[in-house]
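The values are calculated or read from the model by the stated rules, or taken from the named source; none is laboratory data. The structure presented is a predicted model; accordingly, all values stated were derived computationally and were not measured. Using ideal geometry, Cβ is built from the backbone for each residue, glycine included, and neighbour counts are taken over all protein chains shown.
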Amino acid sequence: MAIAGLAFRPRFGTASPVEDVAGVVVLRGEYEWLVEGGEAEISTLVQATAGLGVKVSARSAILKFGNVVGTFALGSLGVMRVECGKWSEGVFDALLDDLTARALALPYSATQAAGLPHDRSIADRDDVLLHAFIYARHILLGEEPALPRALELVIRDPHRRFSAERARVNLSAAHRVDGLTLARIANAADGVVRATGPAGHSRLAHALNGHLPLYVDVPRVQNTFDTAENRFVLEFLAQLRGIVDRVECIARSKAKPGSFWTRALMDCETMRRVLGPFERHDMWNDVGRMAHVPIGSSVLQRRRGYKDVLSHHLTLRAAARIPFDRDTAEKLLGLKDVATLYELWCYFAVVDAVAQVVGRRPDYADAMNAKDEVDLGYGFRVTWNDGPTVYYNLSFTRKKSAPRQSASLWLRPDIVVNVMRDGQRELHALDAKLRLDGVVPTGELEEDEEDVEANPLRFKNEDIVKMHAYRDALPHVRSARVLYPGNQVREFPALEADARDIDGVGAIPLVPGKPPSELVRTIARILGKETVRLPTREEAE
């Protein structure tokens, strides 16, 4: 297949590129692709794929995508999309949305104060900017973007304030008077003139000895949108615009074809288009600036639209604590590294499984470091009081003391569940592996039982060998299992005389979009609560 002078064919195997209805070339990321074309076209392709393409001659290049999925804009050449098995760009975005929601649900130790002064500094601080940008992108461009719906509710039925004011109007225009109006007329506070014509025969002129006021002071009810709640919504829009503008400014200075910043620049342009109609609405013309969030307002807490915007505001403040460091954010949003995403997603799936077995949400999650930037690497933890702890990237070396001592080399399992059993500490390791021993069909994630029998998707044998390495080198690790997007469950019990049925190694299928039943069962066995009720398929969906 050719696109604007480029021809694609796999170096090995029989896969073929396809072209969708929009003329976009779709490549399978599992394969290496040999691309041939003109010298200028090959140079453009290599530059646009940001290091994933290597020239082998002036007129040919090899593309190696690895775990990358996403869309690559090739300028005048056209558009190329990369999918990795079932891991299309749409699945990736849905997973990132799910991961964002799960991460923000954790009780991080850095809590917010009850009084909430409005913080406009997020857009000015590079250490939290990308974290906030991830959440802003989630609520504006996610699979089911929540913020546009909330803003539409606000604009459709905005909160109004009615205030009493006084105005000096012509007597003929006075339709409503009160006691103060009558008192001023009686005292001629606004001046009077001799009444002539029919007006001179009125009862008021008779009471004022043939005089009438030209102007009277009357009450007036003012209907205004300048309320604390609307000031809050407008300020939130301004904060989102500030985040978008700041990221766009950085992106324009760093963008290279196919890079993270190019992707961020495209997202910024789309986010601005989504925000634009709401920002330009006429209701904001008379709305002033806000100093503090009116957190006690019943309108913000209960009214549709407003309460949703308040929730997003609070979550955006917490979004600086989303556990993505800058390098991880670039991998996720730029080249869309699905292996990195799957590893993070698996960690939070384990946290949710533990919460289901324990019967409550966790009590603590590690906070950000001194620079307000949470890195989920090297021992990030989520804890239940008097219960288990789930670690991410916990390191084991020979120099560390038990239970984090290694008998030999430095090792770092993706996920470690720490439990106390009979007064003894024990660890259970899980490693996320985005690879399979089998042919992954194209199509949807869902499979029925016949599909599983006809197309078993197994773990890689070398991944089980790695689990044995954890059990052998880490004295406190009693079990080690692979988490992978397949459909085969396997247990290899330990052979020691005192081994329990939970000890050993194995493989657990964990597929986005499908109930994590096997993971929950395994966690229940680890925690000694094997009677836990698993959700039905309908409940899980």
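With the structure loaded, tell me whether Asn369 is part of a loop (DSSP other than H, G, I, E, B), modelled with pLDDT under 70 and among the polar types (S, T, N, Q) or whether it fails that test. For Asn369, the condition - part of a loop (DSSP other than H, G, I, E, B), modelled with pLDDT under 70 and among the polar types (S, T, N, Q) - is met. When you scan the range 217-226, do you find a residue that is of a type outside the set (D, E, K, R), surrounded by 15 or more Cβ atoms within 10 Å (Cβ to Cβ) and part of a strand (DSSP E or B), even just one? There is at least one residue in the range 217-226 that is of a type outside the set (D, E, K, R), surrounded by 15 or more Cβ atoms within 10 Å (Cβ to Cβ) and part of a strand (DSSP E or B). The requirement of being among the β-branched types (Val, Ile, Thr), crowded, with 17+ Cβ neighbours inside 10 Å and modelled with pLDDT under 90 is not satisfied by Ile295.
The lone criterion from (1) over 27 Å from Leu341 (Cβ atoms); (2) in contact (Cβ under 8 Å) with a residue 12 or more places away in the chain left unmet by Val25 is number (1). Just to be sure, is His175 over 27 Å from Gly288 (Cα atoms) and in a helix (DSSP H, G or I)? No.
Screening the candidates Arg263, Arg241, Arg289, Arg273 for the property of being within 24 Å of Phe133 (Cα to Cα) and outside any helix (DSSP H, G or I) yields one hit, Arg289. Among the residues making up the range 190-237, a single one is aromatic (Phe, Trp, Tyr) and either farther than 30 Å from Leu314 by Cα or at pLDDT below 85 (or both): Tyr215. Report whether or not Ala183 is modelled with pLDDT of 75 or more and assigned to a helix (DSSP H, G or I). For Ala183, the condition - modelled with pLDDT of 75 or more and assigned to a helix (DSSP H, G or I) - is met. Of all residues in the range 333-349, none are touching a helix residue (DSSP H, G or I) at 6+ places or on another chain (Cβ under 8 Å), at pLDDT 85 or above and not in a helix (DSSP H, G or I).
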